[in-house]
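Please treat every number below as a calculation from the coordinates, not as lab data. Just so it is clear, the model here is predicted, and its values are computed rather than measured. Positions of Cβ are backbone-derived with ideal geometry, glycine not excepted, and every protein chain shown enters the neighbour counts.
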Amino acid sequence: MNGSLRQSMAWLHTWSGLLLGWLLVAVFVTGTSAYYREEISLWMEPELHQSTASDDTMDLAWQTLGRIAPEARSWDISLPDARNPAVQLRWQPAGEEQPRQGGGRNRGEQAWMDAGSGEVLTPRETRGGHFLYRFHFELYGVPRLWARWLICVATMFMLVAIISGVITHKKIFKDFFTFRPGKGQRSWLDAHNASAVLALPFHFMITYSGLLLFMVMLMPWGIDAAYDGDRRAFFDEAFPRSTEAPGPAGEPADMVAIGPLAAATAARFERPVSRIEVQHPNRENARIRISVEQDVAISGRRRGGSPTQVFQGSSGDLLETIEPREAPTPLMGKVYNVMTNLHLVRFADPLVRLLFFFSGLAGSAMVATGMLLWVSKRTQQLRRQQPGAALKLVNGLNMASITGLLAAIGAYFAANRVLPATLAERSSWEIRVFFLVWLTSLVHGLLRPHRRGWIEQLAVITVLWLALPFLDMVTTDSHLFSAAAWRLGALAGFDLICLLLGALWGYALWRVAKPKPDKRKPARAREPALAEGNA
Amino acid sequence: MSQLKNATRLSVASRAIAAVLGGYALSATATAALSVGLPMSRMDAVITASVLSFLIYSVAVIWAFACATTARAWAGIAIPTLLCGALVWLLGPAS
């Protein structure tokens, strides 16, 4: 503490990083997977894979809803897009008033429809990519508010670790080009530096924006001071809503065909229609809202609506054309919008998404190598003494948080293919498999000797991840050697990324399992001492 | 030796409290003060202040551990917190 700024920052970096590092690895890994949560969900619902959009898709959705929910208070049709081949149908059943107790939205009923045939599809019950996405900011089975606070505290630690890490690091660019493989602790330091510096802007952005997304929960004091404790007043001002309550349903009346209306909207905005909402379908006062995909300006309002046209349902008359306007935003409001839009990747460009995915992997690697470095440094300090209980514990937790989590995710995917499609409480079973595997790896990591434990767990995840695409071949018709997988890039991409990551775990296994060179080789005098770097 | 170690431990614990709790108090009062004090519409002021709050928090944490003495670490967080608190009290809700 009494040393230079750099020394005190190195200390702060080490301890703020380690204390919640295990949680941060889990947040980073599951958060990275969330960039592809729709693709993961699609992969986990093979029953939807054969659906193909056609010119009739909208009419089919119209007819299907008319058949299965003719009396509904409202309809909501999400049309297929590049990330999803099937049609999602949602409706609010007639009868009871819209109950909104507990703050939750009433989502009503929903069904999937084959975009080509109009058939109602029943995909296997799964939480899909949504489970991993939710886990990255509210964990699982923990009261939501507690989990969010815990993760925000960890995120704040992460922010402190990033800033103190940068201060610690005087030769930030030189070290980026330095990699000394096969040198134990020094290699971990280099890997940690490279993964940190490589994607530093990403790490900073993702951490800060993570806090911004929970700004109102974490820092409500500005609102309380300026609005005299009236938070509702702030929200009404910040996110003005123009939701007029729908009136009572009118007399039954036929609606016009949807095709020409949708074509008119698509032509008006020069973009394909993505969503159709109907209020009081099959009534004389039916209102049809047709929206096209939103063009997300990166600094634009987070909740800006999509361009929409509203039609009278029984006559087909155009009632209203809604184009989102760019509201004047102060500088920090723009910063908020840019940061949160980046965090949520609210733009569709696949290349950017892939880049973010790899940045997320780099972030996961940064946190993981940081913790390995902690163990490696202390193991070396012990020389030939037996490692103490604390070191064993840290190592076991490291194993569970890195290889254990990867095993759990792999097992979650495998369970999706192996568990019978009609099993009761199927989606809960997938999640149980996830946690059982994770727990097993923790117990294993605490019991097995250091290096053996790593080798065994790495072997398990290598086999598991490499096996996923083959499991896909045995259990579905949309595997790597099928046309469906390539028609929907998401499916081929999923299998390819499994192979890629499996190969990566295999490489790690090979490196760890390789017989070690003589450790007592004297370090060359010119090599910088470790204290000079970080850790 | 052990006395020195204890002194260090005490200093670390004290700085950690200054950083975590004091840092939160500072960023909360600074956010409140900026929200009522910035010459913008109140919604813009609130958003500006809240976006900056986490930066203020990080600076406070860095300060708590970078200072030469523990007393200075505390003073550097406590005094601005009190000033911001006084500002909020003086300006009150700007409505």
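Brief remarks on what is shown
- Potential lengthening between A:SER315 and A:LEU331 on full extension [0.36 nm per residue; Cα-Cα distance subtracted]: 1.2 nm
- Backbone HN-Hα couplings from phi across segment A:122-130 [Karplus 6.51/-1.76/1.60, Hz, Gly and Pro as x]: 10, x, 4, 6, 8, 8, x, x, 5
- Stretchable slack from A:LEU499 to A:VAL216, in nm (0.36 nm times residue separation minus alpha-carbon distance): 97.8 nm
- 3J(HN,Hα) from dihedral phi, segment A:218-235, Karplus parametrisation 6.51/-1.76/1.60, rounded to Hz, x for glycine, proline: 7, 10, x, 6, x, 4, 4, 6, 7, 10, 6, x, 9, 5, 4, 4, 5, 4
- Across segment A:25-35, coupling constants 3J(HN,Hα) worked out from phi with the 6.51/-1.76/1.60 Karplus curve, θ = phi - 60°, read 4, 4, 5, 5, 5, 5, x, 4, 5, 5, 4 Hz, and Gly and Pro carry x.
- Counting only other chain Cβ atoms within 10 Å of each residue's Cβ, the peptide A:506-512 averages 0.
- With a Förster radius of 56 Å applied to the C-beta separation of A:ASP228 and A:PHE347, the computed FRET efficiency comes to 0.90.
- For segment A:5-73, the list of GluC sites (Glu not before Pro) that fall in a loop by DSSP and count at most 13 other C-beta atoms within 10 angstrom reads A:GLU71.
- Local net charge near A:LEU471, Cβ-Cβ under 13 Å (Lys/Arg +1, Asp/Glu -1): -1
- About the Cα centre, charge dipole magnitude for the protein assembly as shown (Lys/Arg +1, Asp/Glu -1 at Cβ), debye: 4680
- Angle in degrees between helix A:489-513 and the longest Cα principal axis of chain A, rounded to the nearest 10: 10
- With K and R counted +1 and D and E -1, the other residues having a Cβ less than 11 Å from that of A:ALA226 yield a net charge of -3.
- Contact order relative to length of chain A, as percent, for alpha carbon pairs under 8 angstrom and 6 or more apart: 18
- Footprinting exposure proxy for B:MET40, A:MET371, A:MET158 (fewest neighbouring C-beta atoms within 10 Å first): B:MET40, A:MET371, A:MET158
- FRET E, pair A:ALA389, A:LEU5, Förster distance 35 Å, beta-carbon r, rounded to 0.05: 0.55
- Given charges at Cβ of Lys, Arg, Asp, Glu: chain A dipole, positive-most of A:LEU79, A:HIS450, A:ILE206: A:HIS450
- Taking the longest Cα principal axis of chain A as reference, the axis of helix A:450-475 is set at about 30 degrees.
- Measuring r between the beta carbons of A:GLU237 and A:THR52 and using R0 = 51 Å, the FRET efficiency lands at 0.65.
- Placing unit charges on each Cβ (+1 for Lys and Arg, -1 for Asp and Glu) gives chain A a dipole about its Cα centre, and among A:TYR227, A:LEU159, A:TYR35 the Cα reaching farthest toward its positive end belongs to A:LEU159.
- Within the same chain, aspartates and glutamates fewer than 8 places from A:LYS392 are excluded, and of the rest, those with a Cα less than 19 Å from its Cα are A:GLU456.
- The aspartates and glutamates whose alpha-carbon is closer than 20 Å to the alpha-carbon of A:LYS377, local same-chain residues fewer than 8 away aside, are A:ASP175, A:ASP190, A:ASP518, A:GLU527, A:GLU532.
- The protein assembly as shown - Rg over Rh from alpha carbon coordinates, Kirkwood radius: 1.01
- B:ILE79-A:GLN381 pseudo-label distance in nm [points 7 Å out on the Cα-to-Cβ vector]: 3.5
- With contributions of -39500 (n - 2.57) from each DSSP H run of at least four residues, the per-residue ellipticity at 222 nm computed over the protein assembly as shown stands at -19500 deg cm²/dmol.
- Other residues with beta-carbon under 13 Å from the beta-carbon of A:PRO350 carry, at +1 per Lys or Arg and -1 per Asp or Glu, a net charge of -2.
- Distance between the pseudo-spin-label points of A:VAL418 and A:GLU293 (7 Å out from Cα toward the beta carbon): 3.7 nm.
- Projected label distance in nm at A:GLU284 and A:ALA263, using a 7 Å step from Cα toward the beta-carbon: 3.0
- The angle between the Cα long axis of helix A:185-198 and the longest principal axis of the Cα atoms of chain A comes to about 30 degrees, rounded to the nearest 10.
- A convex hull fitted around the alpha carbon atoms of segment B:2-91 yields 74 Å³ per residue.
- Full-extension gain in nm, A:GLU71 to A:LEU439, via 0.36 nm per residue minus C-alpha separation: 127.7 nm
- Partner shielding of A:204-215 amounts to 2, given as the average count of beta-carbon atoms from other chains within 10 Å of each residue beta-carbon.
- Each peptide in A:487-494, A:12-19 was scored by the mean count of other Cβ atoms within 10 Å over its residues; highest first, the order is A:12-19, A:487-494.
- Taken residue by residue and averaged, Cβ atoms of other chains lying within 10 Å of the Cβ of A:151-160 number 3.
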